[in-house]
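A short write-up of the structure that comes next.
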Amino acid sequence: MDSSAISLLTGASGGTGGTGSTAATASLSDNFDNFLTLLTTQLQYQDPLSPMDANEFTSQLVQFSQVEQSIATNKNLEDLIALQQTGQSVAAVGYLGKTVEALGNGAPLVDSAATWNYALDQEASLNVLRIVDSTGKTVKILSGETDPGKHTLTWDGKDDNGIQMPDGVYNLIVAPQDLDGEPMDSATSFAGTVTSVATVDGQITLDVQGVGITLDELLIINQPPAADEPV
């Protein structure tokens, strides 16, 4: 996706897993137990006339201590990351009920209406728009705008045969061609209301009426009007 086209959409001018240290600690503990078992056995059966060199196992003890300190440091970092993620999750709850615009081809068809924005960074000779359902089947083909800039498409939910499609998530495929007939880059976004917030694999995900997005895909966040304000 072309970054200059994305900037037109925005209106601009221009994990670490929490179990890593736990597993490392368990492994270190096992290795240390084995080391002590071997050391005790060696001391038990050493030759009194030729005792073991204490420097060797002292050095090994120091190495175990250094590894243990490194694991403790990693554990503290994991705890900090977990706290940060928790804070982000709490902050993300503030998106609930807000209308947002986000990067993506998918948009919810609700009450027979779906809206997308698409942007071209230069003039196109041809621009074919395809709306496809969740199975990848094309349900509507339209002629798109060819002028550079941001454009809006509002679909009434009817397919090429005039049949009303059921509510759900549909994808808009934008396929512009430049003046030489070559494919052009474009950027697509959609608008909707945030209905839920979740954390998936450590990443915060917003559900926008059936479309999942990440925070870095957000372009615009609109504050809903107060109850006593006109819509």
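The values are calculated or read from the model by the stated rules, or taken from the named source; none is laboratory data. Bear in mind the structure is a predicted one, so any value in this text is a computation, not a measurement. Cβ atoms come from the backbone with ideal geometry, glycine included; neighbour counts cover every protein chain shown.
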Open item on the list: Looking only at the range 171-186, filter to residues that are at pLDDT below 95 and among the small types (Gly, Ala, Ser); which one of those is farthest from Gly94 (Cα to Cα)?
Closed with: Gly181
Task: Criterion violated by Leu129 - all others in (1) within 25 Å of the chain's Cα centre (by Cα); (2) surrounded by 21 or more Cβ atoms within 10 Å (Cβ to Cβ) satisfied - done: (1)
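Residue-wise test of (1) crowded, with 18+ Cβ neighbours inside 10 Å; (2) of a type in the set (A, V, I, L, M).
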residue: Leu96; (1), (2): no, yes
residue: Ala102; (1), (2): yes, yes
residue: Gly144; (1), (2): yes, no
residue: Lys158; (1), (2): no, no
Open item on the list: So in the range 160-192, with the set limited to residues that are surrounded by 12 or more Cβ atoms within 10 Å (Cβ to Cβ) and among the small types (Gly, Ala, Ser), which one is nearest to the chain's Cα centre (by Cα)?
Closed with: Ser189
